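The values are calculated or read from the model by the stated rules, or taken from the named source; none is laboratory data. Owing to the predicted nature of the structure, the values given are computational and were not obtained by experimental measurement. Cβ: placed from backbone, ideal geometry, glycine included. Neighbour counts: every protein chain shown. All accessible areas refer to the heavy atoms of the entire protein, side chains included, with ligands and DNA or RNA removed. Shrake-Rupley method; radii C 1.70, N 1.55, O 1.52, S 1.80 Å.
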Amino acid sequence: MRPLSQRCCQSASAGDNGGVDRVRNGGASGGARGGAAGAVGGTRGVTAGVNLFALRSHNTALVLDLLRAAGAPGISRLELADRTGLTPQAVSKITARLRDDGLAAEAGHRASTGGKPRTVLRLVPEAGHAVGVHLDRDELRAVLVDLTGAVVGERRAALDLGAGADAVVTAVARETERLVAGALGPPADGSLAAVGSLLGLGVALPGPLDHARGVLHRVTGFPEWDGFPLRDALARRLGVPVVVDKDTNAAALRLAVGGEDGSFAYLHLGTGLGAGLVIDGDVHRGARTGAGEFGHQVIQLDGPVCECGNRGCVEALCLGAVARGEPAEAARVLGEGAANLVGLLDIDLVLLGGRTVTGAPEVFVRGVAAVLGARTRGRSEAVPVRVASGGVRGVAEGAAQLLLAPLFGRGEG
């Protein structure tokens with residue numbers, strides 16, 4: 001069996017443009033929302049000037065995303081054509097190749113309004129896998145997920161992010177190799193590149209960093225990482241594709257792929273504080289991939305010194321309150337920072353996560369919501385901002401989505 005990355009490229013480029021004229025701007029509905037984002041330069045829908053390869057990739061991604069959204073019950077070719085706007089002939093070509101490549105399979109038959117029963121197709125989850133690694137300041141968590149994002153293997157290990165690049169790269173490589181071997185069996189030649197279903201490795205860690213090049217900047221508290229090419233170092237070590245992003249972006253991507261629509265902010269309070277921003281369904285990284293450095297906004301000019309060198313940062317005030325055993329005060333400070341963000345972006349959903357939040361989720365949700373409510377009280381046009389927990393897990397799974405999401409036309413940026 002050919003490696004999945006090779007199979008996907010061939011599926012995406014082998015003439016599945018038979019229905020391009022029927023693709024409408026935003027025409028894909030349901031699970032295919034945003035399918036054009038990766039294939040068409042981050043825009044929504046097909047626009048003029050898109051090259052033929054991009055259209056083919058876009059169409060394949062639309063079909064794959066709908067197959068994934070349909071789950072085990074599956075979806076018929078006629079439904080795929082209706083929801084994507086592609087011609088039935090184009091859908092047949094795409095699904096035939098996906099079946100040949102092992103990415104799709106029959107899921108039975110469904111009664112038709114006339115003629116023979118319709119064949120229903122489903123995604124084959126075990127046809128592809130991705131590893132997601134969360135590098136926190138003191139812990140490494142790695143997961144192996146299938147094409148649906150379901151976790152099929154997990155490992156944890158203590159980590160000192162300040163131990164140096166060699167030690168951290170070695171730890172990531174060791175845990176990744178053990179994880180894959182434990183869940184899928186040891187590779188025939190000992191190399192991860194020989195695992196045909198493995199798309200690669202996604203790594204999420206505190207920023208700031210350059211997502212596009214996979215290079216770290218001055219990670220708060222660990223300035224020695226500045227300029228280190230983590231993506232390339234791990235790719236050389238493991239022999240598989242690697243993507244690197246901030247922990248907050250990865251968690252926000254998981255939430256967006258998992259069904260959170262529209263625009264929202266994910267605030268992650270653990271050993272540090274940051275934000276993942278999703279605008280109109282897409283992770284917003286900024287022109288220099290530096291968006292979301294939420295923890296280092298100054299809200300108290302004469303406040304305590306933060307590890308970034310400034311005084312009175314939200315992160316320093318939050319972590320200080322947590323260290324004193326005052327989670328309600330930490331929530332109040334977090335709420336003030338969140339209110340600034342809501343005012344700037346006009347979003348109506350704030351999701352909270354990170355180990356500190358999950359230790360007392362009700363306290364943080366209630367505290368942040370109270371501050372947001374107070375800051376918007378009296379505005380006749382104000383719409384209540386919803387505050388909720390983003391779940392116990394998320395960063396490692398989101399790191400895996402850095403590899404998976406583009407396959408389904410999502411998450412590239």
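Looking at the range 149-280, the accessible area is 36 square angstrom per residue; that uses a 1.4 Å probe and ignores ligands, DNA and RNA. Between GLU154 and LEU144, the built amide H atoms are under 5 Å apart, and every one of these is 5 or more places off in sequence or on another chain. Normalising by the residue count of the range 299-364, find the relative contact order in percent from Cα pairs under 8 Å and 6+ residues apart. With pairs under 8 Å counted, the relative contact order is 22 percent. For GLY200, the residues 5 or more places off, or on other chains, whose built amide H falls under 5 Å of its own are VAL131.
Near GLU106, once Lys and Arg are set to +1 and Asp and Glu to -1 for all other residues with Cβ below 10 Å from its Cβ, the sum equals +2.
Rounded to the nearest whole Hz, the Karplus-based 3J(HN,Hα) values (6.51 cos²θ - 1.76 cosθ + 1.60, θ = phi - 60°) of the range 286-300 follow the sequence x, 4, 10, 6, x, 5, x, 7, 5, x, 10, 7, 8, 10, 9, with x at glycine and proline.
Other residues lying with their Cβ under 14 Å from the Cβ of VAL387 contribute a combined charge of 0, Lys and Arg counting +1, Asp and Glu -1. The mean sequence separation of alpha-carbon pairs under 8 Å and at least six residues apart, normalised by the residue count of the range 129-253, gives a relative contact order of 24 percent. A simple count of charges around ARG178, restricted to other residues whose Cβ falls under 12 Å of its Cβ and scoring Lys, Arg +1 and Asp, Glu -1, yields 0.
Karplus-derived 3J(HN,Hα) values for the range 201-210, using 6.51 cos²θ - 1.76 cosθ + 1.60 with θ = phi - 60°, are 10, x, 10, 10, 7, x, x, x, 7, 9 Hz; glycine and proline are entered as x.
With just the Cα atoms defining each centre, how far is the range 225-251 from the range 314-379? Give it in Å. A separation of 30 Å, based on Cα centres.
Couplings 3J(HN,Hα) for the range 272-280, derived from phi with the Karplus relation 6.51 cos²θ - 1.76 cosθ + 1.60 (θ = phi - 60°), are x, 9, x, 10, x, 10, 10, 10, 6 Hz, where x marks Gly and Pro.
Near ARG386, the amide H atoms lying under 5 Å from its own belong to LEU349, VAL350; only residues 5 or more places off or on other chains count, and H is placed 1.01 Å from N.
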